[in-house]
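Here is the structure we will look at, set down as structure tokens.
The values are calculated or read from the model by the stated rules, or taken from the named source; none is laboratory data. Note that the structure is predicted; figures quoted are calculated from it, not measured. Cβ coordinates were reconstructed from backbone atoms using ideal geometry, including for glycine residues, and neighbour counts include every protein chain displayed. These accessible areas exclude ligands, DNA and RNA; they are computed on the full protein's heavy atoms, side chains included. Shrake-Rupley method; radii C 1.70, N 1.55, O 1.52, S 1.80 Å.
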Amino acid sequence: MKFITLILSLTLFLVSLWMKGNVNVDGRYKSKTLVYLNEDLVAEEDIDITLDRKKFESILSVSGKGIDGVAIFSNYGIVEKKSGFDYNISAQSEELQRVSITNQAMLERYRELHLNSKLADSSWIKFLYINDNIVLIQQSESSREYLLFVRNSR
């Protein structure tokens, strides 16, 4: 749930930038998160987000040690400005591709993502830095408190 909240928060952040009018944040962004447990790299999580006005869609792909294949989750929803650089994200998640987990350390993380795919969620994000190609956000209720997104030039 925290990771999905993060994705939603990021999306909200990008949408809020678009709403502010200083920077056009409509477009496609990517982020890669490396997951470490006890100093061992156990997974890579790729986020691909498309923003169009107040709406967003994202795909989260998770692969790594102890994951048989690639887990894929879809998120979609809306971003609403609260005040200043604070935004509220309302989103729904869906598990698109289920995998088998053979590593106990990754089982808890996968369960969190899987359970979040069954619920609608709402959270907040704050834009910390924005330019034409980069967005840095802070999000609530996430194991990944800060995320850096880079605009995809394709």
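Brief remarks on what is shown
- The listed residue being under 17 Å from Y146 (Cβ atoms) and more than 12 Å from the chain's Cα centre (by Cα), out of D86, D132: D86
- Residues of the range 26-37 classified as free of Cβ contacts under 8 Å to residues at least 40 places away in the same chain and either under 22 Å from L107 (Cα atoms) or open to solvent by 80 Å² or more (accessible area, probe 1.4 Å) (or both), total: 3
- Breaking point among (1) at pLDDT 75 or above; (2) exposed (fewer than 14 other Cβ atoms within 10 Å of the Cβ), for L148: (2)
- Pairs meeting the criteria (first residue in the range 129-154 and farther than 24 Å from A43 by Cβ and of a type in the set (D, E), second residue modelled with pLDDT under 80 and outside any strand (DSSP E or B), beta carbons under 7 Å, at least 6 apart or on different chains) are D132/V23.
- Selected residue (criterion: least open to solvent (accessible area, probe 1.4 Å)) from residues of the range 58-70 that are more than 13 Å from S93 (Cα to Cα) and hydrophobic (A, V, I, L, M, F, W, C): V62
- Within the range 66-82, tally of residues that are more than 18 Å from A43 (Cβ to Cβ), touching an Asp or Glu at 6+ places or on another chain (Cβ under 6 Å) and not polar (S, T, N, Q): 1
- Here S153 meets the list (1) surrounded by 13 or more Cβ atoms within 10 Å (Cβ to Cβ); (2) at pLDDT below 80 almost entirely, failing just condition (1).
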